[in-house]
Amino acid sequence: MHPVCDRVASWLIAHRNLMAVVAVVLSIVSVDRSRHLEFVRSIDTMFDRTDPSLVPYRRLARAFGSSEVVLAAYDSPDLLTPSGIAFLRSLTAQLGASPGVASATSLASTPLGDRIIDLENSPTARKLVKLMEGYALGIDHRTAAIVCVLQETSLTNATARATVVSRANTIDQIRAIMEDLPGGTVAGEPVMLRDGFAMLEHDGNLLGTITGLLAGCVLLISFRSLRWLTVPLAVVFLAIWSTRGALAVAGLKLTMVSTMLSAMVTVVAIATIVHVIVEYRRQRDLGLEPAAALQRAIALLFWPVIGAIATDVIGFGSLTFSRVGPVHDFGIMTAIGAVMVLISAALVVPFLALAGQFDADPKRAWGEGSLELGLDGLVTRIVRQPVAILTCSGILAGAAVAGMWWLEVETDFTKNFRASSPIVKSYDMIESRLGGAGVWDVLVPTPDTIDGAVLSKVARLEHRLRAEVVTTGSDGRTTASLTKVMSVADVLAAISPISLERLESTRAGNWLLTNTITLLEQQLPQLASTLIGRDPLDESKWLRIMLRARERQAAPQKREIIESVRRIVAQEFPAGTQQAGEVTGFFVLLAQLVDRMIADQWLTFFIAAAGIFILLACAFQSPLLAAVAIVPNALPIFVVLGLLGWAGVRVNMGTAMIAAVSMGLSVDSSIHYIAAFRRRCAEGHTFSTAIQAAHQTAGRAMIFSTLAIVVGFLALTTSNFIPTVSFGSLSCLTLAGGLLGNLVVLPVLLTLVSRWLSPGCQSVANTLQHGPLHHPHPADKQDKLPEHFHER
C-alpha cells in the first residue's frame, strides 16, 4: 500500500475531532453566505453568449422594451358589440391603473373609440380591426387582448431583488383580474420569467431534499444502520451547502438548469461514501477494530476516490466548453460540488463513523447472500465465454445506437413545461386564437425623420414576407408561414386618408406623414413605442416589424421559415450598409438554442472522454486499461440516445447534457473496480480470483451506490421543468446501463486483454488450469476474502 495513503488515513483518524469542528464552522459560514446566492432571471442568459443574434435581440430590448409587455386575454363572444367594447374599455382602464403598469392598450383604445365596432359603415374601422388581428384581437373576433406595458425599473444590484418582487406582484394582480373572466389568461415574456423561474426555484429547493431522502432510504435498507445512514447524509448536507456558499463567494448565480445541482452533489457524495461503507464492513469482517478498519478502508480507497472525484470534475467541467450560458455555468457549479464532496467526506466521515459505540457496523442487506452467489455465477460465465458475451452485447448495442440517426430536436419552448402549467395554458390560447406563440421581429434602421421612402421600403418588405414565406404541406398546397406581419407602415395605412405611395411622392406628403406619426404617438403611445424606438446605446432610431408564427412546428420547418425571412430582409436591407436589417426575437433564438446544445453535447462528451482517458492512462500507467475503463461507460450513453431516436422522443435541454455528465459519474465505478482488480493482482492472486474479488467488493459497492443514485435521481422526474425530468430519467437509464457495463462488459474486456496486462495476474488459460474459480490464492494472507461475506 502506498505510504502516502497510510499517512493521510492515519492523520484523518487522529484528528477527526478537529475535522468535525471545521465541518461545523464550514457549514455555518456556508449557510450564511448561500443566503446571498441569486437566481438569474434574464432570458438572454439562456442563449449562446457568442451568438451574433444576441446583438439585435439586446438592441430590441433596449429600443422597444420587448421584455416588459404582458398580454392579458379573455374570451368575449359579444366583443364587437356596444356592451362588449364598453367592458373592454373598462377592463383596459382597470389594468392600466394597476400598480406597476405603465400603460394598457386594446381594441377599445383606438382613435375611433366606440366606432371601432362599426365595421359595415366605417372603412377605417375595418382597417384598424384587420390591423389589430393577431395583436390585440383574435382572428375569431371574440378573443380580446389587452397589451400591458410594465413600468421601467433600474435593475441595479441594490434594487434587483425588490424589482423582482414588484414585477411578481404586478403580474399576480393582472392575473387575479383576468382569472375571473371566461378563458382569462396572461402571457408574455415577463409572465414566463415570473412563472418559469418561480417554478425552477421551487424545484431547486425541493428536488435536492427528495433526492437525498430517497437515496437515504436505499442506504438504510442496504446497510440497516442508522449510523451509516447519517454518515452519507451528513456528507451530502455539508457538500451541498459548502458548494452553494462557494458559488456565492465566487459571485456565480443560479440558472434554470441549476435546479439539478443539489441532486448532482447528492449522488456524487453517496456514490463515494457507499464504497467506503462496503470496504469498512469488509475490514470489520476480517476482524479489525473500528478505527483500524476505517483507517485501512480509507487507505485502500484513497487513490480510487481521488480518481473518481477527478473524473467527475473532468466530466462536469467539460460542460464549461459549451457556448450555452446555463450549461456552461452548470459545469462550473457541479465541478465545484464534486470537489466539495471530497472535502466534506474528509471532514465528516472519520468523526461520525467512530463516535460512540452505538450501531457501529453496517449490516448486510436482506438477500445479500443471493447477490453474492449471483456475482460469482456472473464471473464464471464471463471468464469462460467472454467472446460470446461481448458479441451479443455488441449486436444489441449496435442495433440500439442506430436509432441516433432519427434523433429530433424539440424547439417548442412550451414543451419545457408540463401541459397543466399556467405557462402552457397561456400559450395554448395565444397559439390557437392569436395567430401563434412564436413572436419575433425584423429591425430596420431609419433616419430621425421618418419619410415616405423609408415607409414604402418597409411596406414592400412586409408584402414579400407575407407572400414569399410559405410552408408546403404534404398535399402540395402552400400556406403563409407568418400569421402576422405588422409595422408602423400598416398602422399609418389604416389611419391615414392618404396612401403611402402619395405620401412618398410629395414634400407635402412627408409633412403630413410627420404630423400623422406625431398624432399616432399622442393617441396610441404604447403602439407607437412598440413600433418606433431609439437605442439609447448609440441613439440610433429603428422601425420594428412584428412577426408572429406558429410555435408548434418541427425544427426543420422553423429553420426554413427563419432562413426565408433572413434572405428576404438581406435583399431589401442588405448587410454591410447603413440600412442593414436585423432578424431577431425569442422565436429565432430558441430555434437555434437546442441545436447548438446538441452540437455542444458531442463536443463536451469527447472532451470529457479524452480528459478521463488521459487521467486514467496516467493513473493506471496503462493506456490499454484506460480504454477498457472508458468503453463500458460510453456505450450505455450511445445506447440510450439511440433508443430515444427509435422511440421518437425529441431531444431537449436536459437530454443535451446527459452524455458528459453520465460519463463523469459512471466511470467512477470502473475506477474502483479496476483498482480492486489490480490490488488483487499485485498480491499474487490468479486472474479469475482477482476478478471475483473485484466483483464482490467494488462490484457490490457499485450495485448499492447505483441503486441509491437511480432511486435518488427519480426525484428529478417530479419536476415541473421537463428538461429536468428528461435529465433525471435518462441519467437513471445511463447509470443503470453503466452498472451493467461495469459488471459485464468491463470484466469481459479485462479477460480478453489479460495477456497484455501486467504479469501480476496470470492469464485466463492458466487460471482455468489451476482449479476452481473461487479458490483463493495461497498468497492471500491478511487481506483475503472472507467466506463469501457470511454473517458474523
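Data overview
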item	result
Filter pass, Gly212 being within 26 Å of the chain's Cα centre (by Cα), open to solvent by less than 20 Å² (accessible area, probe 1.4 Å), at pLDDT below 80 and among the small types (Gly, Ala, Ser)	no
Residues of the range 459-485 classified as part of a strand (DSSP E or B), closer than 17 Å to Asp441 by Cβ and not polar (S, T, N, Q), total	3
Number of positions in the range 634-650 that are in contact with an Asp or Glu (Cβ under 9 Å, 6 or more places away or on another chain) and open to solvent by less than 10 Å² (accessible area, probe 1.4 Å)	1
Checking Met256 against (1) part of a loop (DSSP other than H, G, I, E, B); (2) without any contact (Cβ under 8 Å) to a residue 40 or more places away in the chain, the condition it does not meet	(2)
Single match in Ile85, Ile116 (criterion: over 21 Å from Ile430 (Cβ atoms) and either at pLDDT below 90 or of a type outside the set (Val, Ile, Thr) (or both))	Ile116
Test: residue in the range 60-73 that is over 30 Å from Arg244 (Cα atoms) and at pLDDT 90 or above	yes
Candidate set from the range 227-257 (those that are open to solvent by less than 10 Å² (accessible area, probe 1.4 Å) and hydroxyl-bearing (Ser, Thr, Tyr)); member that is farthest from Ala338 (Cα to Cα)	Thr255
Per-region count, the range 193-213, residues over 17 Å from Arg244 (Cβ atoms) and either of a type in the set (A, V, I, L, M, F, W, C) or not in a helix (DSSP H, G or I) (or both)	6
Flag for Ala102 being open to solvent by 10 Å² or more (accessible area, probe 1.4 Å), part of a helix (DSSP H, G or I) and more than 20 Å from Asp180 (Cβ to Cβ)	no
Residue list for the range 106-146, restricted to those being among the β-branched types (Val, Ile, Thr) and surrounded by fewer than 17 Cβ atoms within 10 Å (Cβ to Cβ)	Ile139
Any hit, the range 719-737, residues being over 19 Å from Thr272 (Cα atoms), touching a helix residue (DSSP H, G or I) at 6+ places or on another chain (Cβ under 7 Å) and free of Cβ contacts under 8 Å to residues at least 40 places away in the same chain	yes
Residue in the range 413-466 that is nearest to Ile722 (Cα to Cα), counting only those that are of a type outside the set (Gly, Ala, Ser) and without any contact (Cβ under 8 Å) to a residue 40 or more places away in the chain	Val424
Helices (runs of 4 or more DSSP H) contained entirely in the range 708-775, each with at least 1 residues that are modelled with pLDDT under 65	764-769
Helices (runs of 4 or more DSSP H) lying entirely in the range 505-611 (those with 2 or more residues that are hydroxyl-bearing (Ser, Thr, Tyr), open to solvent by 40 Å² or more (accessible area, probe 1.4 Å) and over 30 Å from Val324 (Cα atoms))	507-523
Residues being touching a helix residue (DSSP H, G or I) at 6+ places or on another chain (Cβ under 7 Å), of a type in the set (Val, Ile, Thr) and either closer than 22 Å to Ser322 by Cα or free of Cβ contacts under 8 Å to residues at least 40 places away in the same chain (or both) - total across the range 631-660	5
Residue list for the range 340-378, restricted to those being open to solvent by less than 20 Å² (accessible area, probe 1.4 Å) and β-branched (Val, Ile, Thr)	Val341, Val348, Val349
Selection count where residues are open to solvent by less than 10 Å² (accessible area, probe 1.4 Å) and under 20 Å from Phe330 (Cα atoms), scope the range 705-729	10
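Residue by residue, here is whether (1) surrounded by fewer than 19 Cβ atoms within 10 Å (Cβ to Cβ); (2) modelled with pLDDT of 85 or more; (3) not charged (D, E, K, R) holds:
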| site | (1), (2), (3) |
| --- | --- |
| Glu410 | no, no, no |
| Thr414 | no, no, yes |
| Ile423 | no, no, yes |
| Gly435 | no, no, yes |
| Pro445 | yes, yes, yes |
| Leu455 | no, yes, yes |
| Ala467 | yes, yes, yes |
| Asp475 | yes, no, no |
| Asp490 | no, yes, no |
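The values are calculated or read from the model by the stated rules, or taken from the named source; none is laboratory data. The structure presented is a predicted model; accordingly, all values stated were derived computationally and were not measured. Using ideal geometry, Cβ is built from the backbone for each residue, glycine included, and neighbour counts are taken over all protein chains shown. Heads up: the accessible areas ignore ligands, DNA and RNA and are worked out on the full protein's heavy atoms, side chains in. Shrake-Rupley method; radii C 1.70, N 1.55, O 1.52, S 1.80 Å.
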